[in-house]
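Below: the structure, in structure tokens.
The values are calculated or read from the model by the stated rules, or taken from the named source; none is laboratory data. Every value quoted in this text rests on a predicted model; they were computed, and no experiment measured them. Because the Cβ atoms are built from the backbone with ideal geometry, glycine has one as well, and the counts that use them run over all protein chains shown. Just the protein is used for accessible areas: all its heavy atoms, side chains included, with ligands, DNA and RNA removed. Shrake-Rupley method; radii C 1.70, N 1.55, O 1.52, S 1.80 Å.
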Amino acid sequence: MPGMRSGLNLGNPLLAAAFRSALLHQGLVALLIFGVLAFAWVSIREWRPGGAGGGTAGRADGLDAEPSWRMLLRVGFGLLWIFDGLLQAQPSMVVGLPSQVIQPSAASSPAWVQQLVNWAGTSWSYHPVQAAAAAVWIQVGIGCWLLAARSGRWSRLAGLAALTWGLVVWIFGESFGGIFAPGLTWLFGAPGAAIFYCAAGGLIALPVRYWRVPWLGRAMLAVLGLFFTGMAVLQAWPGRGFWQGRLGHGAGTLTGMIQSMAQTPQPAFLAGWVGGFGSFTAAHGFAVNMFAVVALALIGAALLIGAALPGDALSRPGTRTAGTARADGQMLPVSRARRWSRTLADRRLLLIRLAVIAAVLLCLADWVLVEDLGIFGGLGTDPNSMIPMALVLVAGYLAVAAAPARATAAEVAMAAGVDASVAARVDRAIQRAARVLAGAGAGGRETRQASPEHARAGAGATEARQASPEHARAGAGATEARQAPPEHARAGAGATEARQAGQPEHAGADRGANAAQEAGAPDRAAAGAAAREPAGQPGGWRGRLSPGRLVAAFAATDARTLAAAWALGVTILGAFPLAAAAANRSADPVIAQAIGGSAAVLNFQAPGFRLTDQDGQPVSLAGLRGKVVLLTFLDPVCTSDCPLIAQEFREADQLLGANRRRVELVAVAANPVYHTKAYTRAFDRQEGLTRMPNWKFLSGPLPELKRVWHDYYFPVQIVPAGGMVLHSDVAYVIDAAGRTRTELNFDPGPGTSASKSSFAAELAAAALKAMKSS
Amino acid sequence: MTLPRAAGIAAALAAILVAGCGSTQAAAPAPGAGRAARPPLVTSLTIPGGPSWAIVEMGGPRTRHNNFWQLVTRPAGTASWRLATPPGVADNGGLVVASPGGPALVAGFNPSQDLTFSPLASTRDGGARWTPSLLPAGLAHVPSALGTAPGGKLIAVTGRGQAEFSAPGMAGWTRLASLASLAATPAGRSCELKSLTAAAFSGLGVPLLAGRCAAPGVAGIFGYSAGGWHQAGPALPAVLARRQVSVLKLTTAGRRTTALLVAAAPGGAASLIAAWAGPSGRWTLSAPLPLGGARILSTATGTGAGEAAATAASPGLASAAGVILSSGRAEFTAGPAADWQQLPALPAHVAALVLGPGRQVSALAPSGSILTSWHLAAGAVTWTMTQAMKVPVPYGSSG
């Protein structure tokens, strides 16, 4: 019915088109950024003599090679972020995310959570196109950044960015993962997928010195163990509807959830699986819940036990150590305690492995049968929590399995099959290097001569390099032992080994080495460039920012770092417009256009009228010449549309600012029964319009009102049996010369703060346009 | 304490916290806790010698604003009902009416959605034509929020607990009293007045206000005279001495004022008492009707039994009262000298009783857009359908 509120449907064509356009434009900008960076990089490297090479950025050296757990998290979550970003590009996200995803997620949460979430939902709804596009580019950018930057400062920043955005999503998009709402259960994804993204980001952001500490893997497994145990307790808690497949005539809690997921539009075979599992749960709810409780409890217990049991790297199965090396390189026999320790460690690792396998299988089963993959229905924002959880589980296992514990460099070299005497010489060389760098101080940069022997090669590979051929490559998992002039040796690994060997005086070298490692690509390149300059060249931040140094650093950058820089640019491409939109108090006029359609441009003399305002003063259109008139028709006893339109007029008046002196906001009474001054004044009091000097609510004798309605093509009809008077919602913009310039279909829409603000912005913009054309 | 150990303890605490937070269900409020239930707006009144009026709710769910309140009327001496809902305002919030007698009626629209004040409409010809007017505030959501007297005086109870008075001609409204000011009077203090629930004029034109009393054994009906408010309600019998009394409905037709009182015992058991007062102000009470835990869904007042057939020249007295309960029972009393009688089982969807002269009882059953009228002749044990009226409910017009 015309004049009645219409809402925004999920597939509103105007908003979908605007969203596609925004994505396309921003995508072109992203390509442009990439093109400029790539062109500049190639050009500079071609132009500068010796500009190429020396780039070891983004690669890990030796003992600072990226551990497998970190690589898994970085690559796995990098791909997940990209996938989530692509999901965010679904057209229904523009309108649907706040109303269908964000706000329902907080429906059962306490009021303060709802307030927080509603603030975010409202902010999104004010600028839906910008917000939706921003979410795409931020997540795609973070994902690419994680994939591109393998180590160093760039990689850590990527992890930090993932942690930050993950927190935003967890709080505002997932209502803290629903932990404050009743009905929390691991089966439905508690405590929210985003928290695992945050955990992964935080782990990726860890400094190098934490990459191989023995306790990291244990801590990860311990936390996961506690989590699974807690979820088991929660799942077993009585009175929450999980033990019953059916509750009375209705479905139990779990059954109901599964059945609702089965209704989501999805491939038929998947709906069949989910629906079948729902039926099974309805019939055997107790057994299903019991299985879940027992599985979660066992997994949690196994992870906790595995984290608590002792064990070290040399005792792992497959380690080829033969014993402990003496200082002269001779091997001592393995002690009985060591053999016992090795057996316990084997069992510990086996327990952890079994627990992780079971947990991953349980996660996958839940992901398919309960969470229904989480990506269907047009509003899926991520594949829910099971995949991220599985990644973190496996990463925890890898962290435990790869922790070097208390091995010295020599022992590790021996584990790699290197001769004991050679390993001992390497050990001594590294310790000398560590002492030198400790003397150089924390934060010292690596200085090295421009020499190919110092170039790093190969991701994941470790290298034992020396002038001697005995230092052959040892393969993945082995640590690097490198001989080099002590003042140029990388002290990181050696310092770490020295510290672990109980030589704290070398711990200081660790910081120096870590700083060199974390300096990342541009810093490495800068260090490389600095190394080519005479030793002792003073640096300082001004020097480092000199154009020549910057160009040199840029030229020395490797492709990975370039990709990381581009990914950062993509992330900013999303974040910056989002921040700018959030700072804009007025909603985007596109919302109003999506609800009411675009404004019609007109140019004809506005029909005159002579009526009486709310104060009893005569008002004619001719008397308003010289001012822009925003004219509408309002029913003073209307219960829905007209109060909203009045608020939109009021907000438009505020948006006009100083220009409001040149604008008159005029409403004509649109009720054949209740149209006298008493009702217009009551309406003004109700809507807070009594203090607006440029507001006029006109009434008059019914014949005169009918003539005005007729002249402005404004139908008014009494509806029997308790209905509101039927009328359209329209606003006209009449310029200062009395010509009608614009007709706005002013159906106020859903009446949200966003739609009101949008209509107000549209009206104010039309008024300003009429002012300029007058 | 090492960092890993501290992290483990923190994680354990977090797990326990999450388990505790996630395990709680939002506690549902206990039934009957909190404020008293809203008096029902579904009501009817039969004017002695005049028409019968009834207010019923029709249409769809309230949540979608598809419920519309309808005013129907049955002129005196006829058996047919016709639609008389005043036009021009959406009435999703409810309708209240008051009659000064004869075919005249004043109707008020309860606010709904974004409308905060109450348009009024008055008729003098049984609803054929309506004259609009206005109450600048919103009417209270009670069936006796409006009162009128011959000559055109009006009294209204607003949703903010104030009583407004309008002199004949409806030139404007003045504040007559507020809950606070009335509660501060000696009469109000003796009642421990908690809310205003009804307004009317007595048979002599004295403004009456009624409400809910916290003090047991007191019926909170107050009359305004000589510049002040005084206790004007009935003295309650000893059996009701420990019960808190609330006035559900207060109406004057002809020269008799009828009040329906709900007396609630501390344990929750409630009884309904009908009370009548003539022009002298002396009250007569019915026997208490135990409600058995049921809620009152609609009320009816009309002409009583044993009285001469009322005519326009000799309106007689209105003294019958009836209710429909949520248990499905319909109870009716023919007047001060009569006991409560349970009516035969009601037909489906019956929402309102209408009490005609000579113990005749009608029932109205709204279902969607159809309003069915049923009639129970005096002494009959079954209902007879007399009319099925299609009402043009304007679905979707208020959304």
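The table for this structure:
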{"read-out": "Residue within the stretch A:674-695 that is under 16 Å from A:T742 (Cβ atoms), of a type outside the set (S, T, Y) and open to solvent by less than 50 Å² (accessible area, probe 1.4 Å) present", "value": "no"}
{"read-out": "Enumeration of residues in the stretch A:371-389 that are part of a loop (DSSP other than H, G, I, E, B) and farther than 22 Å from A:L10 by Cα", "value": "A:E371, A:S385"}
{"read-out": "A:R20, sole failed condition from (1) part of a helix (DSSP H, G or I); (2) modelled with pLDDT under 90; (3) charged (D, E, K, R)", "value": "(2)"}
{"read-out": "Odd one out for A:A190 among (1) in a helix (DSSP H, G or I); (2) of a type in the set (A, V, I, L, M, F, W, C); (3) open to solvent by less than 10 Å² (accessible area, probe 1.4 Å)", "value": "(1)"}
{"read-out": "Among the candidates A:L578, A:L665, A:L621, A:L630, residue that is closer than 28 Å to A:L14 by Cβ, more than 14 Å from chain B (Cβ to nearest Cβ) and open to solvent by 10 Å² or more (accessible area, probe 1.4 Å)", "value": "A:L578"}
{"read-out": "Selection from the stretch A:732-760 of residues that are among the acidic types (D, E) and open to solvent by less than 10 Å² (accessible area, probe 1.4 Å)", "value": "A:D735"}
{"read-out": "Residue, surrounded by the fewest Cβ atoms within 10 Å (Cβ to Cβ), within the stretch A:97-140, restricted to residues that are farther than 16 Å from A:S755 by Cα and of a type in the set (F, W, Y)", "value": "A:W112"}
{"read-out": "Qualifying positions in the stretch A:649-668 - touching a strand residue (DSSP E or B) at 6+ places or on another chain (Cβ under 9 Å) and not hydrophobic (A, V, I, L, M, F, W, C)", "value": "A:R650, A:D653, A:N659, A:R662, A:E664"}
{"read-out": "Filtered residue count, the stretch A:197-225, keeping only those that are charged (D, E, K, R) and either away from chain B (no Cβ under 11 Å) or under 23 Å from the mean Cα position of the chain (by Cα) (or both)", "value": "2"}
{"read-out": "Subset tally (residues that are under 50 Å from the mean Cα position of the chain (by Cα) and more than 14 Å from chain B (Cβ to nearest Cβ)) for the stretch A:714-738", "value": "9"}
{"read-out": "Residues being among the polar types (S, T, N, Q) and open to solvent by less than 10 Å² (accessible area, probe 1.4 Å) - total across the stretch A:356-387", "value": "1"}
{"read-out": "Test for B:W130: is it within 14 Å of chain A (Cβ to nearest Cβ), surrounded by fewer than 24 Cβ atoms within 10 Å (Cβ to Cβ) and farther than 19 Å from A:R681 by Cβ", "value": "yes"}
{"read-out": "Residue satisfying all of: in the stretch B:272-285; out of contact with any Lys or Arg (no Cβ under 8 Å at 6 or more places or on another chain) and open to solvent by less than 10 Å² (accessible area, probe 1.4 Å); farthest from B:V206 (Cα to Cα) among these", "value": "B:L272"}
{"read-out": "Of all residues in the stretch A:185-196 being more than 8 Å from chain B (Cβ to nearest Cβ) and touching a Gly at 6+ places or on another chain (Cβ under 7 Å), the one that is nearest to A:W367 (Cα to Cα)", "value": "A:G192"}
{"read-out": "Pick from the stretch A:229-249, criterion assigned to a helix (DSSP H, G or I) and more than 9 Å from chain B (Cβ to nearest Cβ), ranking: nearest to A:C198 (Cα to Cα)", "value": "A:A232"}
{"read-out": "Unmet requirement for B:T158, which otherwise passes all of (1) open to solvent by 30 Å² or more (accessible area, probe 1.4 Å); (2) within 21 Å of A:P643 (Cβ to Cβ); (3) away from chain A (no Cβ under 13 Å)", "value": "(1)"}
{"read-out": "Residue within the stretch B:110-117 that is touching a Pro at 6+ places or on another chain (Cβ under 6 Å) and buried (at least 17 other Cβ atoms within 10 Å of the Cβ) present", "value": "yes"}
{"read-out": "Check on B:A33, of a type in the set (A, V, I, L, M) and modelled with pLDDT of 55 or more", "value": "no"}
{"read-out": "Helices (runs of 4 or more DSSP H) wholly inside the stretch A:515-564 that include at least 3 residues being modelled with pLDDT of 80 or more", "value": "A:547-556"}
{"read-out": "Which numbered condition B:L146 fails, given (1) at pLDDT 95 or above; (2) within 30 Å of B:Q387 (Cα to Cα); (3) open to solvent by 10 Å² or more (accessible area, probe 1.4 Å); (4) away from chain A (no Cβ under 14 Å)", "value": "(3)"}
{"read-out": "Count of residues meeting criterion [in contact with a Leu (Cβ under 8 Å, 6 or more places away or on another chain), in a strand (DSSP E or B) and open to solvent by less than 40 Å² (accessible area, probe 1.4 Å)] in the stretch B:74-99", "value": "5"}
{"read-out": "Any hit, the stretch B:80-89, residues being within 14 Å of chain A (Cβ to nearest Cβ), of a type in the set (K, R) and in contact with a strand residue (DSSP E or B) (Cβ under 7 Å, 6 or more places away or on another chain)", "value": "yes"}
{"read-out": "Unmet requirement for B:L105, which otherwise passes all of (1) open to solvent by 10 Å² or more (accessible area, probe 1.4 Å); (2) modelled with pLDDT of 95 or more; (3) more than 10 Å from chain A (Cβ to nearest Cβ)", "value": "(1)"}
{"read-out": "Selected residue [buried (at least 20 other Cβ atoms within 10 Å of the Cβ), at negative phi and in contact with a Pro (Cβ under 8 Å, 6 or more places away or on another chain)] from B:L248, B:L260", "value": "B:L248"}
{"read-out": "Strands (runs of 3 or more DSSP E) completely within the stretch B:117-178 that count 3 or more residues being in contact (Cβ under 8 Å) with a residue 12 or more places away in the chain and among the small types (G, A, S)", "value": "B:118-123"}
{"read-out": "Considering residues of the stretch A:140-184 that are among the aromatic types (F, W, Y) and within 14 Å of chain B (Cβ to nearest Cβ) only, the residue nearest to the chain's Cα centre (by Cα)", "value": "A:W170"}
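Residue-by-condition table, conditions (1) within 15 Å of the chain's Cα centre (by Cα); (2) modelled with pLDDT under 95:
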residue	(1), (2)
B:V247	yes, no
B:L250	yes, no
B:R255	no, yes
B:T301	yes, yes
B:A308	no, yes
B:A313	no, yes
B:A320	no, yes
B:V323	yes, no
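Let's see how each residue does on (1) hydroxyl-bearing (S, T, Y); (2) within 11 Å of another protein chain (Cβ to nearest Cβ):
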residue	(1), (2)
A:I645	no, yes
A:E648	no, no
A:Q654	no, no
A:G657	no, no
A:N671	no, yes
A:T676	yes, yes
